[in-house]
Each structure stands twice: as C-alpha cells, then as structure tokens.
Amino acid sequence: MEKYITDLIYLIGSVSFILGLKMLSHPETARKGNLYAAAGMVLAILATIFLDPAIHNIIWIFGGIAIGTVVGWIAAKKVKMTAMPQMVSLFNGMGGACAAVISVVEYTRHDFSHGGGAAFIAIVMAGLIIGTVSFAGSMIAFGKLNGNIGDKVFPGQKFINLVILIAAIGLSYYLSTQHQPENTLLLITLGVAVLYGVMFVMPIGGADMPVVISLLNSFTGIAAALGGFIYNNQVMLTGGILVGSAGTILTIIMCKAMNRSLFNVIAGAFGTTNAAAAGDGAAKGTVKEISISDAAVLLAYSKKVFIVPGYGLAVAQAQHTCHELEKLLEEKGVEVKYAIHPVAGRMPGHMNVLLAESDVPYEKLLEMEEANGEMANTDVSIIIGANDVVNPAARHDKNSPIYGMPILDVDKSANVIIMKRSMAAGYAGIDNELFYYPNNRMLFGDAKASLQKLVTEVKAL
Amino acid sequence: MEQIFAFISENIRFIYLIILMVFLGIEVISHVPSVLHTPLMSGANAIHGVVIVGAIIVMGRAEPDNYLALVLGFFSVILGTLNVVGGFVVTDRMLEMFKKKKK
C-alpha cells in the first residue's frame with residue numbers, strides 16, 4: 001500500500017515541477033509556480049521518508065534537513081539583491097555535491113559478487129563526474145562573481161582541459177569494466193573531476209558567468225536524473241531531466257542574446273581575442289566630459305530619457321538613487337524609461353530584479369528591440385555602468401570580438417551620457433568607440449555618488 | 001554491442017520518459033521573457049534539489065555499522081536541503097519584488 005501512495009505522490013511531485021516551471025515563465029503566475037514546485041518537493045521528501053519501509057535513521061535525516069533548512073533559509077533571506085547570481089551558483093553547487101556524494105556511497109555499497117554490473121557503475125560514475133564538475137565549477141563561478149577569483153588563461157588551456165576530461169571518462173570506463181571495487185581509483189576520478197570543474201570555469205570571463213551558471217545548473221539536473229536511474233526513482237528522474245533540458249535551452253537563449261555559440265563561450269573567446277582587438281587601434285577622437293550641473297539641465301529639459309543600466313549600477317548599489325532620479329524627472333514632465341539589454345549585468349534579467357527591488361514599475365522596463373525602436377526620438381540616453389552592450393562596434397567592426405552581438409542603439413539618440421568610473425574597457429576587454437562619438441559625453445565617478453549629485457542638482461532646478 | 005541494446009530494452013520506459021521530458025523542458029520555457037530569466041534559472045535550480053530524495057535514500061538505507069554511508073549520507077542530506085530551501089526562498093524573494101511593483 002505504501003508503495004502505491006509513494007508512486008502517486010511522486011507523480012504529483014513530477015507534475016508540480018512541470019507546472020511550476022511552466023508558470024515560472026509568465027510574469028503573473030511566476031510566484032505561484034515557484035510555490036507549486038516547492039509544495040511538490042515537500043510532498044516528495046515526506047513520502048520518501050515516511051512511506052519507504054527501507055528508510056531508517058529518520059532522526060538523523062530530520063537533523064540534516066533541519067540544519068540545511070536553517071542555513072539555507074537564512075542565507076537566502078540575508079543575501080543582497082546584487083549578490084543574487086553568486087547565491088544561485090552556490091546553491092547549485094550544493095546540489096551537484098549532493099549528487100556526487102550519493103554516487104560515491106552507491107559505488108562503495110555496490111555488490112560486485114554477481115559480476116560487475118557495468119551499466120550500473122557507468123551511471124554511478126557519470127553522476128559522480130557531472131555532479132562534481134557542477135560543484136567545483138559553481139564554486140569557482142561563485143568566487144569569480146564575488147570578486148575573489150580572477151580569470152586565468154594560459155596557453156594550451158583548451159588542450160589540457162580536453163586531456164583532463166578524457167582522463168575522467170577513461171577512468172570511469174575502466175572502473176565500469178572491473179569486477180571488484182577500486183576505491184583508490186574512484187577517489188582519483190573524483191579528484192580529476194574537481195580539477196576539470198575548476199579548469200572549465202577558470203578561463204571564462206566575468207561577462208559570461210550567467211551562461212556558465214545556467215549550464216552548470218543543467219549539469220546538476222542531469223546528475224540528479226542519474227540518481228533517479230540509480231534508485232529507480234521517477235521523481236528524481238523527471239525533475240532532473242526537466243531541469244537538464246530547460247537549463248540547456250535557457251543557456252542557449254542566453255548565448256543567442258550575445259550572438260555567440262555555446263562552444264565559443266566555453267572556449268573563452270573573449271579572453272583569447274583580447275590582444276588582437278586591442279592592437280587594432282580603432283579611430284579615436286576626443287572624449288568630452290560633462291559636469292553634473294550640465295547633465296542635470298540636459299536631463300531636466302528633455303522630453304524623453306532612456307536609462308541604460310549595467311553591472312556598474314549593481315556594484316555601486318545605485319538602484320534606489322537611480323529610481324529617485326527617474327521619479328524626479330517624471331515629476332518635471334520628462335518621460336523616463338529603462339532600456340534593458342538581455343545580458344546586462346551578470347545574469348539575464350539581473351537588471352530587472354535589481355530595479356524591481358527599488359520599486360521601478362514593470363512597464364518602464366523595455367526589452368532591447370522595443371527600446372531600440374524608440375531610440376531615434378530620444379533626447380538623452382544615460383548609461384549607468386554598462387559598456388559592451390552599447391558598443392556600436394558590434395554593428396560594423398568585423399574585427400571586434402563582439403561583432404554581431406545585438407546592442408542597444410543608444411548612439412542613435414540625440415545625446416548620450418555615459419556614467420563610468422574611468423575610461424577602462426568593459427568585461428569583454430575592448431575599447432568602446434561610443435566614448436569618442438560627437439553626441440556622447442562622459443560623467444566620471446562612482447555611479448551612486450554621481451546619481452546622488454544629479455538628484456540634488458535636478459531638485460534645485 | 002548486444003549489452004547496450006539489452007540495457008536500452010530493459011530500461012525502455014525510462015528512456016521514453018527521458019526523451020519526453022527533454023522535449024517538455026524545451027517546450028515549457030522556450031517563450032520566457034528575458035525579465036524572468038533569472039528567477040526561472042533560480043527556480044530550476046531549486047527543482048534539481050530533488051536530488052535530496054536520493055540523499056534521504058542513502059541515509060535511510062545505511063546499515064548501522066556502515067559509518068561511511070552514514071556520515072556521507074548525513075552530509076548529502078544537508079547539501080540537498082540547502083539546494084532545495086535556498087533555491088526556493090531566493091526565487092520567491094526575486095518574484096516577490098516583481099509582485100510589489102505590479103499593483
């Protein structure tokens with residue numbers, strides 16, 4: 001009887017995941033979708049604990065769940081909105097590690113006396129490697145987004161990575177053909193997989209981190225699904241595969257937004273083409289600065305203003321000040337909208353989340369195509385901490401590493417103000433010719449400080 | 001070669017399930033507005049926390065003298081819970097902000 005109920009609950013759990021994911025892709029239903037999926041998860045967990053007669057150590061299980069819940073809850077509630085991408089990466093790593101640990105235990109518990117069971121061990125090893133790569137990669141991605149780890153590129157990296165990957169697969173193949181446990185080799189495989197995860201993410205630039213996190217997310221999904229295969233457990237299988245495929249598609253959508261292939265991202269193309277691009281020496285002109293008071297006047301007497309936010313806005317924690325400026329300008333009769341590039345920030349939708357935090361109305365956030373359609377009759381585009389996503393070189397300079405990436409055509413608006421700390425290049429490491437355009441002026445300084453000064457100036461007008 | 005075919009045949013239901021799930025996953029999220037990319041990624045992240053079910057099985061089936069399985073199982077239950085709870089709570093926080101500004 002318990003078995004029937006478990007199966008039924010697992011079925012409900014699987015449906016709740018599918019429904020949840022579906023609802024998460026529409027703004028009105030998204031929050032409910034998340035709750036549905038969470039409810040399905042709780043049901044599946046409770047059914048596993050209470051309805052499977054083979055489950056013992058229930059006190060310990062609840063102990064582990066209690067620790068995980070308290071720590072996870074507090075971490076998720078305390079994290080700042082700007083640090084969201086790191087947090088998702090961290091939680092993803094936990095899932096990957098969980099899958100890897102399961103594989104290790106199942107390998108050591110495997111009964112070799114009836115022959116090797118090659119297929120079973122192959123699945124266990126696949127779960128081990130994918131889970132471990134996801135864990136190690138997520139930790140590196142976390143470190144990079146947190147600013148603890150820089151990009152590391154050295155010659156022959158791709159080749160070495162390939163060798164490491166082949167070594168991991170080779171070891172797994174060897175282990176699955178053996179008829180007795182080889183615990184030392186298992187640990188070596190684990191080590192190789194950690195190394196691969198680290199080396200895989202190390203060379204990838206900060207701007208590509210969203211893509212990497214999404215990819216690692218789908219890896220963990222696949223690792224979870226392999227766990228479902230090991231235990232003949234449908235809810236793990238459906239949940240895992242669903243995330244694996246949805247995550248992969250999301251990754252591809254993100255790559256498309258940058259007009260790059262997934263392979264290109266993984267190979268770390270920005271890192272390797274930097275040197276060539278810098279040597280091109282694009283036609284330079286003069287860079288004009290604008291004072292705070294001039295900028296305030298220009299903004300306050302415009303009809304239509306676009307705010308183009310980027311990662312710099314997140315770093316400076318300037319979203320609230322930004323919203324304040326927007327409201328102030330609206331009071332003065334200026335039409336203010338935000339133009340959101342799909343890959344602005346460190347995660348797709350990062351800017352939306354950030355601006356939503358400071359209560360910017362949903363209708364004010366325009367997606368790229370929509371914003372570009374209105375660019376020509378815009379008086380001022382003010383760019384806050386964004387760079388590569390507004391670089392016109394993407395439209396015409398075939399030698400530029402970002403050539404072909406869809407950009408926000410801010411240069412088509414009558415005036416451009418770029419708020420930036422310095423003339424430094426963006427994440428792609430390339431010069432932005434927009435700086436030298438005649439309709440552009442630079443407002444140097446920290447985004448938050450500059451915005452505050454602008455607010456004060458506009459108020460005084 | 002025969003082994004591989006035999007494996008496929010033995011697990012044919014699972015393989016059908018996997019293939020259908022792959023297409024479903026693609027179908028379900030292919031029309032998502034970019035505004036929702038981050039919450040969607042985060043929500044999917046929480047869903048693969050279902051791996052915790054495996055962790056519970058590891059822990060629950062560990063014999064009382066199998067300390068390796070007990071310790072690792074306990075550890076994996078914590079890791080899995082972090083993934084589930086952290087994932088859903090973070091997603092909810094993101095989406096909560098979308099709600100507020102809609103009124």
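For the protein assembly as shown, with all protein chains in place and a probe radius of 1.4 Å, 65% of the accessible heavy-atom surface sits on carbon or sulfur.
Shown in residue order for segment A:50-66 are the 3J(HN,Hα) couplings computed by the Karplus curve 6.51 cos²θ - 1.76 cosθ + 1.60 at θ = phi - 60°: 9, 9, 8, x, 7, 8, 10, 6, 4, 4, 5, 4, 5, x, x, 5, 4 Hz (x for Gly and Pro). Residues of segment A:73-92 whose accessible area, computed with a 1.4 Å probe over protein heavy atoms, drops by at least 20 Å² once all protein chains are present relative to their chain alone are A:Trp73, A:Ala76, A:Lys77, A:Met81, A:Met84, A:Val88, A:Phe91.
Less than 5 angstrom separates the built amide H of A:Arg441 from those of A:Val416, A:Ile417, A:Ile418, all sequence-distant by 5 or more or on a different chain. Based on Cα contacts under 8 Å between residues 6+ apart, chain A shows a relative contact order of 13 percent.
Excluding ligands, DNA and RNA, the accessible surface per residue across chain B is 44 Å² with a 1.4 Å probe. Averaged over the residues of peptide B:64-72, the number of Cβ atoms from other protein chains lying within 10 Å of each residue's Cβ is 3. Each of A:Leu299, A:Leu226 has its accessible area taken with a 1.4 Å probe; listed largest first, they run A:Leu226, A:Leu299. Neighbouring Cβ atoms from other chains, within 10 Å of the Cβ of residues in A:215-225, number 4 on average. Accessible surface buried at the A:B interface totals approximately 8300 Å², computed with a 1.4 Å probe on protein heavy atoms. The listed residues A:Trp73, A:Trp60, once ranked by accessible area (1.4 Å probe) with the largest placed first, stand as A:Trp60, A:Trp73. Please grab the % of Cα pairs in chain B that end up more than 17 Å from each other. Above the 17 Å cut-off, chain B has 70 percent of its Cα pairs. Accessible area of A:His320 (1.4 Å probe, protein heavy atoms only, ligands and nucleic acids ignored): about 100 Å².
What are the residues of segment A:316-363 that lose 20 Å² or more of accessible area, with a 1.4 Å probe, going from their chain alone to all protein chains? For segment A:316-363, once contacts with the other chains are taken into account, A:Pro342, A:Met347, A:Pro348, A:Gly349, A:Asn352, A:Val353, A:Ala356, A:Glu357, A:Asp359, A:Tyr362 lose 20 Å² or more. Helical runs (DSSP H, four residues minimum) scored at -39500 (n - 2.57) apiece and divided by the length of chain A put the mean residue ellipticity at 222 nm at -20500 deg cm²/dmol.
Most tightly packed first, judged by the mean number of other beta-carbon atoms within 10 Å of their residues, the peptides A:233-239, A:310-316, A:183-189, A:34-40 read A:233-239, A:310-316, A:34-40, A:183-189. Evaluating 6.51 cos²θ - 1.76 cosθ + 1.60 at θ = phi - 60° for every residue in segment A:295-310, the Karplus couplings come out as 4, 4, 5, 4, 5, 5, 9, 8, 8, 9, 10, 10, 9, 10, x, x Hz, glycine and proline recorded as x. Shape class for segment A:334-403, computed from the alpha carbon gyration tensor (a ≥ b ≥ c): oblate, with a/c not under 1.5 and a/b at or below b/c. Counts of other chain beta carbons within 10 angstrom of each beta carbon in peptide A:8-20 average 2.
Annotation: segment A:1-82 has a Kirkwood hydrodynamic radius of 14.4 angstrom, from the mean reciprocal C-alpha pair distance. Computed over Cα pairs, the Kirkwood radius of segment A:83-267 leads via Stokes-Einstein (1.567 mPa s, 4 °C) to a diffusion coefficient of 78 µm² per second. Enclosing the Cα atoms of segment A:1-138 in their convex hull gives a volume equal to 149 cubic angstrom per residue.
Could you grab the relative contact order for chain B? Cα pairs under 8 Å, six or more apart, rounded to a whole percent.
Working: 59 pairs, mean separation 29.0, N = 103.
Relative CO of chain B lands at 28 percent.
For a test of the definition: using alpha carbon positions, the gyration tensor, and the 1.5 limit on a/c, classify segment A:292-460 as rounded, prolate or oblate. Rounded, since a/c falls under 1.5.
Summed over the residues of chain A and divided among them, the accessible surface reaches 39 Å² per residue at a probe radius of 1.4 Å. For the protein assembly as shown, the share of alpha carbon pairs falling in successive 10 Å distance bins from zero is 4, 18, 27, 23, 15, 9, 4, 1, 0 percent. Per-residue packing, averaged as other Cβ atoms within 10 Å, sorts the ranges A:169-182, B:55-68, A:97-110 into the order A:97-110, B:55-68, A:169-182, beginning with the highest.
The values are calculated or read from the model by the stated rules, or taken from the named source; none is laboratory data. Computed from a predicted structure; not experimentally measured. All Cβ positions, even for glycine, are placed from backbone atoms using ideal geometry, and neighbour counts span all protein chains on display. Just the protein is used for accessible areas: all its heavy atoms, side chains included, with ligands, DNA and RNA removed. Shrake-Rupley method; radii C 1.70, N 1.55, O 1.52, S 1.80 Å.
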